[in-house]
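Data block below; observations after.
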2 protein chains.
Amino acid sequence: MSDWSPSSYLTFEDERTRAARDLLAAVPLAEARAVVDVGCGPGNSTELLARRYTEAAVTGFDTSPAMLEAARSRVPSARFVAGDAATWEPDGPVDLFFANAVLQWVPDPLSAMERLVGLLADSGVMAVQMPDNVTEPSHRLMTEAARAGGWGDRLAGAARAPLASVGEIYDRLAPRVRRLEIWHTAYNHALPGPEAVVDFVRSTGLKPFLDRLDAAEQAAYLALYQARIAEAYPRRADGRVLLRFPRVFIVAVR
Amino acid sequence: MSDWSPSSYLTFEDERTRAARDLLAAVPLAEARAVVDVGCGPGNSTELLARRYTEAAVTGFDTSPAMLEAARSRVPSARFVAGDAATWEPDGPVDLFFANAVLQWVPDPLSAMERLVGLLADSGVMAVQMPDNVTEPSHRLMTEAARAGGWGDRLAGAARAPLASVGEIYDRLAPRVRRLEIWHTAYNHALPGPEAVVDFVRSTGLKPFLDRLDAAEQAAYLALYQARIAEAYPRRADGRVLLRFPRVFIVAVR
């Protein structure tokens, strides 16, 4: 897969950072020494962490060199290193693992969360947020457009698998922590029109679809996808469209 | 309908106050002069408001004398008056209307919100939270148990009507405000067992059902309802049950 695009991802910075802010607001730690931003991306979440925990050593890691470079210039006070959420090891006990919009990309999010909880200091917190939108029209229509264009087989593995249910997450983590809260928030982003819905998902969920097509195919695929999006997201009275975007939040205290 | 029970309502204070705290965290006002707690109940939300806006004149109103009395002894610094959300008039412009878990009880929540927005000072904020759970098993099964017991007709009006959709709320409020955010959060309350699910809704959604039955009928109805709840909310690995509780949040800046 080609590297991530920090500028495209940040086009919707307000909308995306809202979820990171909500996650941070739910972290029950007044202070922390060792804070780790798991899959830090371009550093917007790391910036929030560095501002809230001014005394902490903040480390961000990510698999993408482009994202790490963007993060370094955005948050000079933090340390950024290459690493994968499924395998990265800290130097010592961690007070806060903050995993905003990243664990949906690892092959086994439940095992990744279990592992992170095991690396926490006593009373440490794991805070996780993941988009839970594969059954929303925005994501279902990616697969439908692939089939309509005759690329059903080639793009079969491009869609993200559905997340575990709340009950499954609860059963896996509850025995390992002293406190566990799991909730969903579905935001409604008021966007200028259906094209903006496509732009919103282009650098994330749509990327694995586009990456498997050549330039001409990408254009044809996008036309099929956008027509379906326009139908599924009708304009409201003021001309805008509302993109419903559900996300799951998990806050576990060891 | 008989008066509300502050003590029963407060049994699940942590769970219920969580939504009020989340709503308050989303209010984009650093300070305020006139703050109004719409349908203040026993004062748990008023207490949050008085703590956050220490310089403000905080007024709480409610239709229930028992709730007002509980609120007065809980928050001595606030003023509490009798009033209905659909008709109450402030003395002057209001910086913040805070309506936590109340507007679902007025006959026309959309018109009530429109009216409150019209009473705001410039840049004032209306913050609303309503349970949006009438399609959840906890609430669907109230009507199903009524039918199973032969009280389908007598209890026909006891169920709360579904709320307006996000699109309808958006279309109604967006032209009247400079900023509008609407989102849903579905909490998952880990309760000791199915009986606790019944207790959770007993003082709110279940109350209109029970109020229309005599004591013997209430016992029979509760048995039917609880059996269905036990089936719909299976125990997790640790023996607890997860009560999914979706709520809609609306924050409008005039």
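Report yes if A:Ala196 is within 14 Å of chain B (Cβ to nearest Cβ), aliphatic (A, V, I, L, M) and surrounded by 14 or more Cβ atoms within 10 Å (Cβ to Cβ), otherwise no. The answer is no for A:Ala196. A Cβ distance below 9 Å, combined with a sequence gap of six or more or placement on separate chains, defines the contacts here; from region B:81-95, residues that are in contact (Cβ under 8 Å) with a residue 24 or more places away in the chain and closer than 25 Å to B:Pro107 by Cβ reach residues that are part of a loop (DSSP other than H, G, I, E, B) and of a type in the set (Val, Ile, Thr) in the pairs B:Ala85/B:Thr63; B:Ala85/B:Val102; B:Ala85/B:Val106; B:Ala86/B:Val106. Looking at B:Gly205, B:Gly239, B:Gly157, which one is among the small types (Gly, Ala, Ser), over 23 Å from the mean Cα position of the chain (by Cα) and either surrounded by fewer than 16 Cβ atoms within 10 Å (Cβ to Cβ) or away from chain A (no Cβ under 14 Å) (or both)? The unique qualifying residue is B:Gly239. Yes or no: region A:13-28 includes at least one residue that is modelled with pLDDT under 95, aliphatic (A, V, I, L, M), in a loop (DSSP other than H, G, I, E, B) and within 28 Å of B:Val27 (Cβ to Cβ). Yes. When B:Thr185 is tested against the conditions (1) within 14 Å of chain A (Cβ to nearest Cβ); (2) among the polar types (S, T, N, Q); (3) part of a helix (DSSP H, G or I), the lone failure is (3).
Highlighted here are the strands (runs of 3 or more DSSP E) found entirely within region B:54-143 that include at least 3 residues which are surrounded by fewer than 20 Cβ atoms within 10 Å (Cβ to Cβ): B:79-82, B:120-131.
Looking only at residues in region B:213-236 that are surrounded by fewer than 18 Cβ atoms within 10 Å (Cβ to Cβ) and in a loop (DSSP other than H, G, I, E, B), the one that is farthest from the other protein chains (Cβ to nearest Cβ) is B:Asp214. Put simply, of A:Leu173, A:Leu141 the only residue that is more than 21 Å from A:Arg228 (Cβ to Cβ), more than 10 Å from every other protein chain (Cβ to nearest Cβ) and not acidic (Asp, Glu) is A:Leu173.
The values are calculated or read from the model by the stated rules, or taken from the named source; none is laboratory data. Quantities reported herein were computed from a predicted structural model and do not represent experimental measurements. Backbone-built Cβ (ideal geometry, glycine too); neighbour counts: all protein chains shown.
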